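Colleague: Here it is: the structure, laid out below.
The values are calculated or read from the model by the stated rules, or taken from the named source; none is laboratory data. In this text the structure is predicted, and so the values were computed from the model without any measurement. All Cβ positions, glycine included, derive from the backbone under ideal geometry; neighbour counts span all protein chains shown.
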Amino acid sequence: MCGIAGIVHADPAYPIDGGLLARITGVMRHRGPDAQGLHVWRGAGFGHRRLSIIDLSTGDQPVFNEDRTVAVVLNGEIYNFRELRAELTARGHRFRTRSDTEAIVHAWEEYGDACVERLRGMFAFALWDNRTRTLLLARDRVGKKPLYYAADGERLLFASELKALLHDPSLKRSVDVEALDDFISFGAVQAPATIYESVRQLPPAHALVWHGGRQHVREYWDVPLMEARAAKEKSEARCLDELEALLDDAIRVRLVSDVPLGGFLSGGIDSSAVVLGMARVSGQPPLTTSVGFTERAFSELEHARTVARASGSDHHEIVVRPKAAEVLPRLVWHLDEPFADSSALPTYYLARAARERVTVALSGDGGDETFAGYQRRYGFNRWETRVRGWLPPALRIGVFGWLGRVYPAAPRLPRPLRARRVFQNLATTFERAYFADLSVFRDDEKPSLLAPELASRLAGRHPFDAFARHFDRARALDPLDRLLYVDLKTWLANDILVKVDRMSMASSLEVRSPLLDHTLIEFAATVPPDLKYRGRTSKYLLKRHLERRLPAEVVHRRKQGFEIPLAAWLRGELRPLAEDVLLAPRSLGRGYIRPERTRALWDEHQQGADRSRQLWALLVLELWQRTFVDQPTPEPLA
């Protein structure tokens, strides 16, 4: 992993501020502690922070072509670089290094901006062709690596992290209230927006070509939806054979490293499939790391040990009592934007523990979104879809809409048992119900939550709009496959992968995700829905794959998730910090949230209702404002 940054200007004579470029690059030192590289042309400059993984001696960046007219900086890994190297060498290109980065330079010379379609990996890169003064920015197919940019018609700045761009004093920092609304609803900002009006993030599977101050953004890949429509024709046996071959290959290409490599092991289905595959493909016992909590209900260490024994791994586990009040400000600094997924905290501890032994770790991320692992989400949605089909729309909307309005809220019950939410879901569409289930604050809660001025500025827009276009694109698919497609484009890209990247990079750890190899995603799209979610069994095909390798009680145990006892912490050790931050005068006076609603949520939670997810969102929002709004420039952490 690395951090990349750059400045390009439409005027070839424009003097690039090397000091500014160094500051933008330097604030990302945690992404690449091993080296810093800077190069300035007339009217352009690149910066790079390096975490050495492959070609330790000659892999510094930027990397150039033979006559140094084309340069690239890369964050990530190109897994098929050896095949590309052989192909390009046969076409007359000469390579000076053994690094994967150099393949991009020559692929650009050979294929132009179509070169990105030939890359297999996780990446965000910038390429500068000094002959034509053309910039290419590109991001991998699912968004494992981030890339932010700000353009004003003459100049474009880019960086791996949003906070790096804040070191440009000319950058406007006005908060994008629509992005803020997305956060309040969803818990994360939705690409291509950022929390700032002046900055965008390049969406996954997109490339941007900039020339002379003008830019063109195009999508270069998508899930093969037409193939997914024909998925009913494939047998279970055929799917199992294809899954094993593709998974082994996805793991094999991710085992290439010149530094110590291991795997995350939670004891769940996804990480188990990856770790067992690592042992099978390499023929060596993998190094594995697990993290657990003192609260037994939130610890999976026992299950991880079972998988470690089955794989023969050299296993290391750590039991933590997280000092959330101390660590939370650090997490907010690394996340750059308001981000309400509390599993960032255990992810941070897991990455920190793994970094003690390895520089690269393979993870099971992506299994849920690819093979239908969210039992509550997909299972309840399937049930609700059947109920909708039993009743005429007018009767269903009338009866369940009325029940959803008058039925008492039950915040003390587990979320799936809150009947009012079920009634509200049944009264609306399949798509809107999905969005409501993901929401931190649902539509019916926001009128009493948002301050009047913010509500006025948001009149007429709805955060669901960011999801609607994905639902529309997948409208011909089975309902389950539609959910998986939308999850891949929204939940995975804007929550899961943001969390994994930022929390692993906080410890300078590279994380690779075999289950998110695009060949596996394309295969999963052709798997019949009944082989993904059968009866009450989520991830059916992946579990069938593991049944020959693990005890049944491990394969078919209830999904636990990477959670923390947040509700209890907000009444215990985290209470002093949360109360001090949430109820402080400057927090209550921000003008985004009604002060009386913040106080009410706090009081309800202390009295036994579970408002932990909502309070956490408000807490990180205020800490983000104190870190990035109240202070002029976020400096590197000590």
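Colleague: Six or more apart or on different chains, Cβ under 6 Å: which pairs go from a residue in the range 119-148 that's assigned by TED's automatic domain parsing to the domain that holds Leu515 and crowded, with 24+ Cβ neighbours inside 10 Å to one that's part of a loop (DSSP other than H, G, I, E, B) and basic (Lys, Arg)? Could you list them?
Modeller: none
Colleague: Among the residues that make up the range 254-263, is at least one of them in a helix (DSSP H, G or I) and either in contact (Cβ under 8 Å) with a residue 12 or more places away in the chain or in the same structural domain as Ala114 (by TED's automatic domain parsing) (or both)?
Modeller: no
Colleague: Here is a follow-up. From the list Asp222, Asp182, pick out the single residue that is among the acidic types (Asp, Glu) and under 30 Å from Ser448 (Cα atoms). Working first, answer last.
Modeller: Details: Asp222 fails: under 30 Å from Ser448 (Cα atoms).
None of the others qualify; the one that does is Asp182.
Colleague: Inside the range 16-116, counting only strands (runs of 3 or more DSSP E) that do not spill past its ends, which hold 1 or more residues that are of a type in the set (S, T, N, Q) and modelled with pLDDT of 95 or more? Working first, answer last.
Modeller: Values: elements: 35-41, 44-50, 70-78.
Result: 70-78.
Colleague: Which condition number in (1) on the phi < 0 side of the Ramachandran plot; (2) out of contact with any helix residue (DSSP H, G or I) (no Cβ under 6 Å at 6 or more places or on another chain); (3) at pLDDT below 95 is the one that Leu583 fails?
Modeller: Going through (1) on the phi < 0 side of the Ramachandran plot; (2) out of contact with any helix residue (DSSP H, G or I) (no Cβ under 6 Å at 6 or more places or on another chain); (3) at pLDDT below 95 one by one, Leu583 breaks only (3).
Colleague: Let me ask you something else. Restricting the first residue to the range 86-115 and requiring it to be over 25 Å from Ala207 (Cα atoms), which pairs with a second residue that is modelled with pLDDT of 95 or more and among the hydroxyl-bearing types (Ser, Thr, Tyr) meet a Cβ separation below 7 Å and a spacing of at least six or different chains?
Modeller: That search, which allows pairs on different chains as well, returns nothing.
Colleague: Would you pick out the residues in the range 422-439 that are part of a helix (DSSP H, G or I) and within 27 Å of the chain's Cα centre (by Cα)?
Modeller: Hits for the range 422-439 are Asn425, Phe430, Glu431, Arg432, Ala433, Tyr434, Phe435, Ala436, Asp437, Leu438.
Colleague: Among the candidates Ala22, Ala114, Ala44, Ala5, single out the residue that is of a type outside the set (D, E, K, R) and farther than 21 Å from Leu136 by Cβ.
Modeller: Working: Ala114 fails: farther than 21 Å from Leu136 by Cβ; Ala44 fails: farther than 21 Å from Leu136 by Cβ; Ala5 fails: farther than 21 Å from Leu136 by Cβ.
Testing whether each residue is of a type outside the set (D, E, K, R) and farther than 21 Å from Leu136 by Cβ leaves just Ala22.
Colleague: Something else about it: In the list Glu622, Glu553, Glu579, Glu596, which residue meets the criterion of being out of contact with any Gly (no Cβ under 8 Å at 6 or more places or on another chain), in contact (Cβ under 8 Å) with a residue 24 or more places away in the chain and of a type outside the set (A, V, I, L, M)? Before you say what the answer is, go through the steps one by one.
Modeller: Numbers: Glu553 fails: in contact (Cβ under 8 Å) with a residue 24 or more places away in the chain; Glu579 fails: in contact (Cβ under 8 Å) with a residue 24 or more places away in the chain; Glu596 fails: in contact (Cβ under 8 Å) with a residue 24 or more places away in the chain.
Within the list Glu622, Glu553, Glu579, Glu596, the selection yields Glu622.
Colleague: Within the set of pairs 6+ apart or on separate chains, which have a first residue in the range 306-328 that is farther than 18 Å from Leu261 by Cα, a second that is of a type in the set (Phe, Trp, Tyr) and part of a helix (DSSP H, G or I), and C-beta atoms under 7 Å apart?
Modeller: Val320/Tyr349; Pro322/Tyr349; Ala324/Trp569; Val327/Tyr348
Colleague: Kindly check whether there is at least one residue in the range 201-222 that is farther than 23 Å from Ala114 by Cβ and in contact with a Ser or Thr (Cβ under 8 Å, 6 or more places away or on another chain).
Modeller: no
Colleague: For the range 487-495, state whether one or more residues are β-branched (Val, Ile, Thr), crowded, with 20+ Cβ neighbours inside 10 Å and under 22 Å from Ala273 (Cα atoms). Before you say what the answer is, go through the steps one by one.
Modeller: Step one: of the range 487-495, the residues β-branched (Val, Ile, Thr) are 490.
Now drop any that are not crowded, with 20+ Cβ neighbours inside 10 Å, which leaves 490.
After this cut, where a residue has to be under 22 Å from Ala273 (Cα atoms) as well, the list is none.
Within the range 487-495, not a single residue is β-branched (Val, Ile, Thr), crowded, with 20+ Cβ neighbours inside 10 Å and under 22 Å from Ala273 (Cα atoms).
Colleague: Please go through the range 240-283 and pick out each residue that is among the hydrophobic types (A, V, I, L, M, F, W, C), under 19 Å from Leu550 (Cβ atoms) and crowded, with 22+ Cβ neighbours inside 10 Å.
Modeller: Taking the range 240-283 as the starting set, the residues that turn out to be among the hydrophobic types (A, V, I, L, M, F, W, C) are 240, 243, 245-247, 250-251, 253, 255-256, 259, 261, 264-265, 269, 273-276, 278-279, 281.
Applying the additional criterion that residues be under 19 Å from Leu550 (Cβ atoms) yields 240, 243, 247, 251, 264-265, 269, 273-276, 278-279, 281.
Result: Leu247, Ile251, Phe264, Leu265, Ile269, Ala273, Val274, Val275, Leu276, Met278.
Colleague: Let me ask another. Any residue that is surrounded by 18 or more Cβ atoms within 10 Å (Cβ to Cβ) and touching an Asp or Glu at 6+ places or on another chain (Cβ under 6 Å) - is there at least one of those in the range 555-563?
Modeller: Within the range 555-563, the first condition is being surrounded by 18 or more Cβ atoms within 10 Å (Cβ to Cβ), and the residues that meet it are 555, 562.
From what is left, the residues that are touching an Asp or Glu at 6+ places or on another chain (Cβ under 6 Å) are 555.
The answer is yes; a qualifying residue exists.
Colleague: Just give me the residues in the range 150-166 being in contact with a strand residue (DSSP E or B) (Cβ under 9 Å, 6 or more places away or on another chain), closer than 30 Å to Leu515 by Cα and surrounded by fewer than 24 Cβ atoms within 10 Å (Cβ to Cβ), in sequence order.
Modeller: If the condition is that a residue be in contact with a strand residue (DSSP E or B) (Cβ under 9 Å, 6 or more places away or on another chain), closer than 30 Å to Leu515 by Cα and surrounded by fewer than 24 Cβ atoms within 10 Å (Cβ to Cβ), then Leu162 is the only one that fits.
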